[in-house]
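Comments concern the structure below.
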Amino acid sequence: MESSGSDNSNKADSCKSDNNASFDTNLEDLILDTSKIILESESQRPSSSVKPAVPEPLIEAQEHISTISQDLLPVNWPKHVKYLVDYEYHPSISPSLLDLVQGRRRKWKELGVSIKSEEVEEEDEPRSEIELEYDDIPIGNAIPGILRSVPSIPPITSTTGIASSTVTTSNTQEPPFEIRLIDSPPSHPVLGSYGLFATQTLRPGRHLLDYISLIVPDEHADPQSDHTLYLCNDLNLDASLHGNHGRFVNDFRNIRSQEQGPNVAWDLYRDASTGQVRMGCKVLKRIRPGEEILCTYGKAYWKSRGVKTEGEEWEDGWDTDYEDQSDTGE
Ligand SMILES: C[S@@+](CC[C@H](N)C(=O)[O-])C[C@H]1O[C@@H](n2cnc3c(N)ncnc32)[C@H](O)[C@@H]1O
């Protein structure tokens, strides 16, 4: 996906946002408490004088296994990728930058929470360039990672005196897309791999999902990763081992025509309630059920992979190419 660098159309000043979508799944109920398991396995680790029973690379791989029950993961979710409902941050990110991207400082201020005096003074100081850049990012409403549809309340059964009737209520949140293995048409450039497909009609302007992943500074970014997207402030999203549905959005090239272009765009915003910087995905053109959800990875991404990126068709600008928003569709 789009990598960091000068050729980047996802910077704050080129993005728009709307607030018309959110999912309400009670995620805390769905996440398994694995803290005990982790602690037990930590305590069972051999001391440094003892040769580890498991080779190091295997231990590292185990850390990526999702803490979410297998039953709740989206269909076709890859086993080696940890499903995230919220962002994870690389440990090398400085506390001050973390405050900006997580929105903590803003939240404190809004809530009038008393914080350490040096920090209060710091807030009164002129805002740094990086803080001003942050201020320019538009506001939106966060969409957490969406798990497989599950009833959040158990079915209710009611029996009346005269006739017996069963009323079943289940408060399910169906994500309007699914991960599918691409097995046709034969000309599809990622045949045999996966993509994200609409299960409902998606209208232009809809905030569809957030690209959730590990957030990695430039200096730690893996140039070989196929799942990176520039965020802001020299930070990148890398969903190669930690992500959500967003990591399955393919590039439109050789799938849709140049005239059609992508049907979604990445859209940087700050969550209205927390101030957290997030990467949204906005619908540009109406997408029908069964249609693939496709973005543009940008010129830099393909150039870095040896693709010749000359000519008009490689000019970015798709992110502002919204179809008529009054389109009511089917
Ligand atoms: C973010 S992943 C997309 C999801 C991927 N298909 C999967 O199953 O994990 C990006 C990779 O998908 C492939 N890809 C996506 N769109 C493509 C396109 N239009 N043409 C060729 N390869 C594409 C490339 O290998 C790219 O590096």
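Have a look at GLY205, GLY145 and point out the one that is surrounded by 14 or more Cβ atoms within 10 Å (Cβ to Cβ), in contact with a strand residue (DSSP E or B) (Cβ under 7 Å, 6 or more places away or on another chain) and modelled with pLDDT of 90 or more. Before the answer, list the steps.
Values: GLY145 fails: modelled with pLDDT of 90 or more.
So the residue among GLY205, GLY145 that is surrounded by 14 or more Cβ atoms within 10 Å (Cβ to Cβ), in contact with a strand residue (DSSP E or B) (Cβ under 7 Å, 6 or more places away or on another chain) and modelled with pLDDT of 90 or more is GLY205.
Is it fair to say ALA265 is away from the ligand (no atom under 12 Å from the Cβ) and over 19 Å from ALA142 (Cβ atoms)? So ALA265 fails the test.
Listed by first and then second residue, the pairs with beta-carbon distance under 7 Å, at least 6 apart or on different chains, first residue in the range 297-309 and farther than 12 Å from THR228 by Cα, second assigned to a helix (DSSP H, G or I) and more than 10 Å from the ligand (Cβ to nearest atom), are LYS299/TRP314; THR309/LYS299; THR309/LYS303.
Scanning the range 232-259 for residues that are away from the ligand (no atom under 15 Å from the Cβ), farther than 14 Å from PRO91 by Cα and part of a strand (DSSP E or B) gives a single hit, CYS232. Here VAL283, VAL277, VAL307 are screened, and the one residue that is among the β-branched types (Val, Ile, Thr), out of contact with any helix residue (DSSP H, G or I) (no Cβ under 9 Å at 6 or more places or on another chain) and modelled with pLDDT of 85 or more is VAL283.
Give the range 178-231 a look and list any residue that's away from the ligand (no atom under 13 Å from the Cβ), among the β-branched types (Val, Ile, Thr) and farther than 21 Å from GLY298 by Cα, or say none. Of everything in the range 178-231, those that are away from the ligand (no atom under 13 Å from the Cβ), among the β-branched types (Val, Ile, Thr) and farther than 21 Å from GLY298 by Cα turn out to be THR199, THR201.
The values are calculated or read from the model by the stated rules, or taken from the named source; none is laboratory data. Please read these numbers as outputs of a predicted model, since none were measured by experiment. Every residue, glycine as well, gets a Cβ built from its backbone with ideal geometry; the counts of neighbours run over all protein chains shown.
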